[in-house]
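The values are calculated or read from the model by the stated rules, or taken from the named source; none is laboratory data. A quick note: this is a predicted structure, and the numbers were derived from the prediction, not measured. With ideal geometry, Cβ positions are generated from the backbone for all residues, glycine too; neighbour counts draw on all protein chains shown. Surface accessibility is based on the protein's heavy atoms, side chains included, excluding ligands, DNA and RNA. Shrake-Rupley method; radii C 1.70, N 1.55, O 1.52, S 1.80 Å.
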Amino acid sequence: MLKNFVEDFAKSMEITDKTLPPAVNVKTKKEYQKGIGPYQETLLIRHVVSNMIENNPSLYSNLKLEVKYPNQRGRCDVVVNDNLFIEIKAVRKMRDNGTQEEFLVNHILSPYENDKSFLTDTKKLLDSEFIGEKAVVFYGYDYDEAPMDIIVGCYELIADKYFCKFKETYEHSFEGLIHPIHQRGKVKGYLLEQ
């Protein structure tokens with residue numbers, strides 16, 4: 001199921017990229033440039049998953065967003081068929097205006113719970129009382145000066161050494177996005193050993 005989810009998420013990113021209106025800055029209310037790249041993580045997931053359900057209702061009819069963790073704070077990003085629990089994180093090194101996002105490394109690699117990084121999301125999901133398979137998924141953008149594989153590789157090394165083991169890994173690329181900076185990338189998913 002995770003393999004399908006990763007492939008369909010990437011394909012739906014390409015589709016929704018061309019149909020969504022520009023994202024809007026929450027503070028300034030200013031529109032970003034066209035394309036899915038500048039969308040805030042939760043909104044992007046909501047739009048992409050909605051497209052996945054529309055394009056494959058038989059596979060995703062029982063897909064839920066923002067499901068409360070049992071006996072702890074927080075919400076799990078996506079639950080498929082009540083037995084695949086997925087945390088999703090964006091890897092976006094560049095901002096809409098071409099400047100670099102200085103907090104990306106902390107956002108992905110911090111091992112400290114208060115930072116709410118992808119590593120700590122992984123541990124939280126693994127330690128949760130959800131019954132079923134558990135997975136983590138990146139979606140991110142590749143740039144000539146900042147390839148996504150470097151930060152993802154760092155995540156894999158730290159996660160493997162200190163947090164978890166990966167049972168299966170899937171990856172699917174996307175390209176041809178209309179934003180001038182966020183034009184190509186990939187979705188990568190990891191099924192966690194329990």
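Side notes on the structure shown:
- So Lys134, is it in a strand (DSSP E or B), touching a residue at least 12 places away in the same chain (Cβ under 8 Å) and either among the hydrophobic types (A, V, I, L, M, F, W, C) or surrounded by 17 or more Cβ atoms within 10 Å (Cβ to Cβ) (or both): yes
- Restricting Tyr155, Tyr170, Tyr190 to residues that are touching a Ser or Thr at 6+ places or on another chain (Cβ under 8 Å), among the hydroxyl-bearing types (Ser, Thr, Tyr) and farther than 23 Å from Gln33 by Cβ narrows the list to Tyr190.
- Under the condition of being open to solvent by 60 Å² or more (accessible area, probe 1.4 Å) and at positive phi, the residues counted in the stretch 56-102 number 4.
- The condition of being part of a helix (DSSP H, G or I), open to solvent by 40 Å² or more (accessible area, probe 1.4 Å) and not small (Gly, Ala, Ser) holds for only one of Ile53, Ile45, that being Ile53.
- Within the stretch 155-179, residues that are free of Cβ contacts under 8 Å to residues at least 40 places away in the same chain have Cβ atoms under 6 Å from residues that are surrounded by 14 or more Cβ atoms within 10 Å (Cβ to Cβ) in these pairs: Phe166/Tyr190; Lys167/Leu191; Thr169/Tyr190, counting only partners at least 6 apart in sequence or on another chain.
- The stretch 104-131, subset acidic (Asp, Glu) and over 29 Å from Gln183 (Cα atoms), residue most open to solvent (accessible area, probe 1.4 Å): Glu113
- Considered as a group, the residues in the stretch 1-42 that are charged (D, E, K, R) and part of a helix (DSSP H, G or I) include one that is least open to solvent (accessible area, probe 1.4 Å), and that residue is Asp17.
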